[in-house]
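Worksheet: the structure to be examined is printed underneath.
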Amino acid sequence: MTTPVVAIAYHSGYGHTTILAEAVRDGAVQAGAVVHLIKVDEITDEQWGLLDASDAIVFGSPTYMGTASGAFHQFAETTSKRWFVHSWKDKLAAGFSNSGAKSGDKLHTLQYFAVLAAQHGMNWVNLGLHPGWNSSTASEG
C-alpha cells in the first residue's frame, strides 16, 4: 500500500486560514498521509513540483468581497501551465474558506475552487455532511 500525498495550497491574509490549513494537515497526517503546506503567494518551483506529484490538492483561501483572495486568484491563473499538459487530471480536490461573518459568501469561494478543480479534470471531494441550522433547536452539524 502506498502512502497518499496531499498538498494544501492556500493563502492566508491575517493568519486565520493558516490555522485552518494546519488543522487540515494534522487530520490528513493522522489518517496516514504525507502532507505539504504550500503558501500560494510564496510558491517556489520545488513546491509546484510537490503539487504536481501529490495525489490530492486541498485549496484554501479567506473569502474577501465574495470570492477567494486576490493572491489565490493569481495562483489559480498561474495553474494554466498545468492545465495545458493535464498535470492535475484525476487528482482528488477539496477546499476550505473562512470569513469574518457566518455568511460572507464562502459558498461562492468553495464553488470557485470546485470549478478550478473541474477545469483541471480533478475529482472534487466534499465532507458529506448534512446541513445544519435546519430547525430552531439544531446546531451546525
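In the stretch 98-107 there is no residue matching the filter, namely being open to solvent by 90 Å² or more (accessible area, probe 1.4 Å) and hydroxyl-bearing (Ser, Thr, Tyr). Residues in the stretch 99-130 that are within 13 Å of the chain's Cα centre (by Cα) and touching a residue at least 40 places away in the same chain (Cβ under 8 Å): LYS106, THR109, TYR112, PHE113, LEU116, ALA117, MET122, VAL125. Against the conditions (1) within 30 Å of SER103 (Cβ to Cβ); (2) open to solvent by 40 Å² or more (accessible area, probe 1.4 Å); (3) assigned to a helix (DSSP H, G or I), LEU37 satisfies every one except (3). In the stretch 78-90 there is no residue that is touching a residue at least 60 places away in the same chain (Cβ under 8 Å) and of a type outside the set (S, T, N, Q).
Annotation: GLY100 fulfils all but one of (1) closer than 20 Å to THR18 by Cα; (2) assigned to a helix (DSSP H, G or I); the unmet one is (2). Take the stretch 52-97 and flag every residue that is assigned to a loop (DSSP other than H, G, I, E, B), open to solvent by 50 Å² or more (accessible area, probe 1.4 Å) and on the phi < 0 side of the Ramachandran plot. Those that are assigned to a loop (DSSP other than H, G, I, E, B), open to solvent by 50 Å² or more (accessible area, probe 1.4 Å) and on the phi < 0 side of the Ramachandran plot: ASP55, VAL85, LYS89.
Each row is one residue, and each column tells you yes or no for (1) farther than 29 Å from MET1 by Cα; (2) among the hydroxyl-bearing types (Ser, Thr, Tyr).
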| residue | (1), (2) |
| --- | --- |
| TYR14 | yes, yes |
| VAL35 | no, no |
| GLU46 | no, no |
| LEU50 | no, no |
| THR67 | yes, yes |
| GLY70 | yes, no |
| ALA76 | yes, no |
| HIS86 | no, no |
| LYS89 | no, no |
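ASP55 meets all of the listed conditions (1) closer than 18 Å to HIS120 by Cβ; (2) more than 15 Å from the chain's Cα centre (by Cα); (3) of a type in the set (Asp, Glu) but one, namely (2).
The values are calculated or read from the model by the stated rules, or taken from the named source; none is laboratory data. Everything numeric here is computed off the predicted structure, so don't read it as measured data. Because the Cβ atoms are built from the backbone with ideal geometry, glycine has one as well, and the counts that use them run over all protein chains shown. Remember, those area values only see protein heavy atoms, side chains included, never the ligands or the DNA or RNA. Shrake-Rupley method; radii C 1.70, N 1.55, O 1.52, S 1.80 Å.
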